[in-house]
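See structure below.
Where a number appears in this text, it was derived from the coordinates with a stated rule and is not lab data. All values reported here derive from a predicted model rather than from experimental measurement. No Cβ is skipped: glycine too gets one built from the backbone with ideal geometry, and neighbour counts run over all protein chains shown.
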Amino acid sequence: MENAIGAAGDPQTVYLDFNATTPVAPEVLEAIHHALKDCWGNPSSSHHYGIKAKKVIDEARTNVARMINLDDASGIKTCQWKRVSEFLLTKLCIIMILIKLDILFTSGGTEANNMVIRSVTTHYSRLCKESGDLPHIITSNMEHDSVKLVLEKLANENILEYTVVNATQASGGTVKCDGITQLVRPNTCLISIMLANNETGIIQPIAEIAKAVKALNCVRELHNRIYFHTDAAQALGKIPVKVKDLGVDYLTIVGHKFYGPRIGALYVKNLDAKETPLYPMIFGGGQERNMRSGTENTGMIAGLGKAASLVAQNVELYSTHMAKIRDYLEDRLKEKFGEMVHFNGQFPTSQRIPNTCNVSFIGKELKGWDILANAKILVASIGAACHAQDRPSEILLSIGIPKEIAYNALRLSVGRETSISDIDRVISDIQHVIDRLRLH
């Protein structure tokens, strides 16, 4: 992969927008090409061509599960062991079966997030319809629009109620566990909190929240259980993610955030035992165990599996490199611009994913989009790629960043192969842009 990846592959630019999307790794392109060329059969067909395609999909599912450490044998429940061992399967087979049943392929993170919300809402409405209460969901003020907007839509249609818990400056940019538990109602059925924020990179206390949810469920009726979902789009490929340590019921996986194709997957805890509810949104031929119909996209699934395999093998290496480059970037910004620089989302009480720097330059003429519009080398974003440029980030405002500083924000996110020399070129480019803007 080329060191500097810019718009349209321009080698003269330095791409620092890896939180928006990543290029497809060469190994992933090779896996996609192989699947499309040699494994083109319908995976539902029983002949040789179909079996070959099905094998590719099964292997990809296993690799995705391994990326989130789902194949950790210590997480297998005794009851599951007993049930499967009655069929005289080995321990390895048990692991493989559980892996296969808990990963569902989707078109991407948006579909996965929508599917979780709609599934739990449907589940509650069916089991608790006599109560007359609408299902209640708790989320945060930092979530992606694929969580936020679907909650707004369903609430407007009087299908559910939801409450937002705020990450604030006082909380170090994280949601607080007790802040969530205080919002729980008798009709609360789902909590959805992202693992790492796409703008600030701040990591949320998912495992702590999961423990609190588990304690609450111990005193609730079985049919009135609270389920817990995390969108792990920005964390995967940057930090190790162990789904069983997190303790969640659902986890969203997005391929194009870790050098894979633009499809995704959803982890559903013990889906085979129907422990965690899931209802299809797409109906048809019954693929993906009747949960997501449509002939499987074998090529893209193969690519996702290969990208997941690379993460499983190399995530510590990726994380270490990105932290080194991101820290160098922030050191150079402080060294070059001094008090002009304001880092957004850095708190002593919280941690960030290792590749993300959210920074503003002080000065009314130094708005983030003006800097990017005038940059010759730097390719980046002012925040979430899908948000408009005519208003400051609501996430930055919520964590105490003044409006005039939030307007100036740049989100600089480094990648696996971003180099020290790339950063030096970016710093020089920013300096030239700031000099020009201050003259006009």
Fill in: Selected from 41, 255, 109 as most flexible by GNM, with the chain as the system and alpha-carbon contacts under 10 Å
41
Item to complete: Using only Cα atoms, figure out Rg for segment 109-244 and give it as a multiple of 2.2 N^0.38 Å.
Response: 1.02
Discussion item. Restricting to DSSP H runs of at least four residues, report the calculated mean residue ellipticity at 222 nm for the chain, -39500 (n - 2.57) per run over all residues, nearest 500 deg cm²/dmol.
Written reply: -13000 deg cm²/dmol
Worksheet entry | Principal semi-axes in Å for segment 153-224 [√(5λ), Cα gyration tensor, largest first] | 23, 17, 10
Discussion item. Looking at the chain, identify the longest residue range that excludes and avoids all GluC sites (Glu not before Pro) in DSSP loops having at most 14 other Cβ atoms within 10 Å.
Written reply: 276-364
Discussion item. Give the separation of the Cα centroids, segment 171-234 to segment 337-380, in Å.
Written reply: 30
Discussion item. Is there a quick way to get the dipole size of segment 234-349? I mean about its Cα centre, with the Cβ of Lys and Arg at +1 and of Asp and Glu at -1; what is the value in debye to the nearest 20?
Written reply: 180
Item to complete: Give, in nm to one decimal, the length gained when the segment between residue 341 and residue 178 is fully stretched (0.36 nm per residue of separation minus the Cα-Cα distance).
Response: 55.3 nm
Worksheet item: Relative contact order for the chain using alpha-carbon pairs under 8 Å, separation at least 6, rounded to a whole percent?
Response: 22
Item to complete: Could you calculate the FRET efficiency of residue 428 with residue 169 from 1/(1 + (r/R0)^6), where r is the beta carbon distance between them and R0 is 45 Å, rounded to 0.05?
Response: 0.85
Worksheet, complete the sentence: With R₀ set to 30 angstrom, the calculated FRET efficiency between the beta-carbons of residue 38 and residue 314, to the nearest 0.05, is 0.70
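Loop sites only, by DSSP: take the chymotrypsin sites (Phe, Trp or Tyr not before Pro) in the chain that have at most 13 other C-beta atoms within 10 Å and name the longest stretch containing none of them.
88-282
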